[in-house]
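Worksheet: one structure, shown below.
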Amino acid sequence: MTVGFILNGEDVVLQTSSDKRLLDILRDHFKLIGAKAGCRLGRCGSCSVILNGKVVPSCMVSAFRVRGGEVITIEGFSQTDEYQDIVSGFARAGVENCGYCDTGKILACEALLEKIPRPTKEEIFAAYEGILCRCTIPRILAEGVAAAAEIRQRRRYGRTP
Amino acid sequence: MDGLHNQVFAPLTLQELFDFWQRFPDAIPFAGGTELVRGQGWRTFELPGNILALFRLEELRRISRTERYLEIGSAVTLDEMLGLGKILPEILKLAVMEIATPQIRNLATIGGNLCCPERRMDSFAAMVVLDARFELRTANASRWIAAGRFAPGLGAPVLEKRELLTRIRIPLETWQHVSHCRIGQARWPDSEGAVFSFIARTEKGILSEIRLALAGKELVRDREIENSIIGKNLPLHRREVDVFNDRWRTKLQDATFPEGLLRDRFLNLIEQAAFNLAD
């Protein structure tokens, strides 16, 4: 089948089979390896991408599902100011860098901050339920998200409300 | 269309959908698709031969609200439901928040959740206690069915051939007491577990309405037992709660569901919810 969609701001068209996962299309066809093949069951969050404005596990998305949609991978997201807010916040709090869970951690943070600009600890933990991370303790992760929220508020409004 | 693999049809209108379904009666509706691909850890998905993709059908993605009802299209995602905020009844919010993870809730739809027998213990009990009604449509007709009659027993819901769940109508009422508890494995389907939903309304220190249901392998709800405690003064006396609980115990004595530990948990939850009514 022919699948056309917007990938990181560019129109792309490819021939693929409908039973292929978005994860494999990104990794094999477009060589975008920021989304990791973790559990392939939608439970670990390491393959997270933004599909039509929502963070989803790309291993649960079949090829035909993205037709006409917009996909932003961690590679595309890393070109934005929002990404810089998050990595700065994470660095300030001492959130570990990890080859596997960073994609999920960063995109889950983005999804949360777009919905709730100043999340509470409980809201942060709830947002990270779908992200399996063994490298950063939850308290530090929560501090990282809070720091990212503060940096974003300052960048956008020049102050922390 | 893909000659080697699957045939995917993504209609823009319900008419187109039913036309295709008529031509390919074995086609499977695919909204979020999370249930169809769940547990498929291998490289490619094993999908049905003919797929009816529902995500482009605007009609199934509508949310509307009147003074008395909230109407949700069956292809509305669970995350979109949570985005309704305070409009969404509290019991339904608690139920939806317990489903899978935030990322999967961005894909999974409420219609899919209600139609999959394996997911019967997610939002179904909440729908039943809220007295929600489901609109089921075929190419030529539509009918409304009470949530409690949609899937009363084990297995698939009472959908006719080529019938689709299109809309869910939820009465908007005020409930002061809400309790939702998942018994068994958290967040993922569990054939041995169940979901307990409880709502109650009080007026001037009197219990004016109470509804409770347990959904698992089967649905357990008894309007007669619920009515037996309505009208009592709050806080309920120990003896009144015992009588209420004994009625449930008698009803479930010979039932195949719930049994054993699950039955004890259910009775404990009823007792706990009844005592909490005074708070």
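We did not get these values from a lab; they are worked out from the coordinates using the rules stated. The structure presented is a predicted model; accordingly, all values stated were derived computationally and were not measured. Glycine gets a Cβ as well: all are built from the backbone with ideal geometry, and neighbour counts include every protein chain shown.
As a check on your grasp of the helix formula, calculate [θ] at 222 nm for chain B: sum -39500 (n - 2.57) over DSSP H runs of n ≥ 4, divide by the residue count, round to the nearest 500. If you can, show how the numbers build up before the last one.
Numbers: 11 runs with 85 residues, N = 279.
Rounded to the nearest 500, the figure is -8000 deg cm²/dmol.
Using a ≥ b ≥ c from the Cα gyration tensor of the protein assembly as shown (square roots of the eigenvalues), is it rounded, prolate or oblate, where a/c under 1.5 gives rounded and otherwise the larger of a/b and b/c decides, a/b for prolate?
Values: a/c = 2.05, a/b = 1.33, b/c = 1.54.
Oblate is the answer for the protein assembly as shown, as a/c is 1.5 or above yet b/c matches or exceeds a/b.
Report the paramagnetic label zone for B:Glu192: residues of the range B:244-279 whose backbone N is under 13 Å from a point 7 Å from Cα along the Cα-to-Cβ axis.
B:259-263
How high is the FRET efficiency between A:Thr120 and A:Val12 when r is their beta carbon distance and R₀ equals 41 Å, given to the nearest 0.05? Intermediate results must be reported in sequence, preceding the final value.
Values: r = 39 Å, r/R0 = 0.95.
Between A:Thr120 and A:Val12 the formula returns 0.60.
Taking 0.36 nm per residue of sequence separation and subtracting the Cα-Cα distance, how much length would be gained by fully extending the chain between B:Asp254 and B:Arg65, in nm to one decimal?
So the extension gain works out to 63.8 nm.
So for each of B:23-35, A:100-112 I average, over its residues, the number of other beta carbons within 10 Å; can you give me the resulting order with the highest mean first?
Details: B:23-35: 19.3, A:100-112: 24.4.
Taking the mean over residues of other Cβ atoms within 10 Å, the ranking is A:100-112, B:23-35.
Points 7 angstrom from Cα along the Cβ direction at B:Arg56 and B:Glu224: gap in nanometres?
My value for the distance between the label points is 5.2 nm.
Can you give the calculated 222 nm mean residue ellipticity of chain A, where each DSSP H run of n ≥ 4 adds -39,500 (n - 2.57) and the sum is split over every residue, rounded to the nearest 500 deg cm²/dmol?
Working: 5 runs with 58 residues, N = 161.
Computed mean residue ellipticity for chain A: -11000 deg cm²/dmol.
Assigning unit charges at the beta carbon (Lys, Arg +1; Asp, Glu -1) and nothing else, what dipole magnitude in debye, to the nearest 20, does the range A:81-157 show about its Cα centre? Intermediate values should be presented prior to the final figure.
On the way: 11 positive and 12 negative charges, 42 e Å.
In total the dipole reaches around 200 debye.
Any idea what the alpha-carbon Rg over 2.2 N^0.38 Å comes to for chain B? Intermediate results must be reported in sequence, preceding the final value.
On the way: Rg = 19.9 Å, N = 279, 2.2 N^0.38 = 18.7 Å.
This ratio for chain B stands at 1.07.
Just to verify a number: FRET efficiency for B:Thr13 and A:Glu70, C-beta to C-beta distance, R0 = 22 Å, to 0.05?
Working: r = 23 Å, r/R0 = 1.06.
Computed FRET efficiency for B:Thr13 and A:Glu70: 0.40.
Relative to the Cα centre, what is the charge dipole magnitude of the protein assembly as shown, using +1 at the beta carbon of each Lys and Arg, -1 at the beta carbon of each Asp and Glu, and rounding to the nearest 20 debye? Please report the intermediate quantities before stating the final value.
Details: 59 positive and 56 negative charges, 75 e Å.
Here the size comes out at about 360 debye.
Per residue of A:10-21, what is the mean number of Cβ atoms on other protein chains within 10 angstrom of that residue's Cβ? Walk me through the numbers before you get to the answer.
Details: counts 0, 0, 0, 0, 0, 1, 2, 7, 12, 13, 4, 5.
Per residue, the average neighbour count from other chains is 4.
Gain in length, B:Asn140 to B:Asn276, computed as 0.36 nm per residue apart minus the alpha-carbon separation, to one decimal in nm? Before the final figure, lay out each step's value.
Working: separation 136, 0.36 × 136 = 48.96 nm, distance 4.81 nm.
Here the answer is 44.2 nm.
What lysines could a cross-link reach from B:Lys86, if we take a straight Cα to Cα line under 20 Å and drop same-chain neighbours fewer than 8 places away?
List returned: A:Lys115.
What does the average come to when, for each residue of peptide A:127-137, you count the partner chain Cβ atoms lying within 10 Å of its Cβ?
Numbers: counts 3, 2, 9, 8, 3, 1, 0, 0, 0, 0, 0.
So the per-residue partner count for this stretch is 2.
Let me confirm one metric for peptide B:79-85, namely the mean number of other chain beta-carbon atoms within 10 Å of its residues' beta-carbons. The partial results should precede the final answer.
Values: counts 5, 1, 0, 1, 1, 0, 0.
For this peptide, the per-residue mean of nearby foreign Cβ atoms is 1.
Dipole size in debye (nearest 20) for the range B:49-165 around its Cα centre, Lys and Arg Cβ +1, Asp and Glu Cβ -1? Don't skip to the answer; put the middle values down first.
Values: 16 positive and 14 negative charges, 40 e Å.
Charge dipole of the range B:49-165: 200 debye, to the nearest 20.
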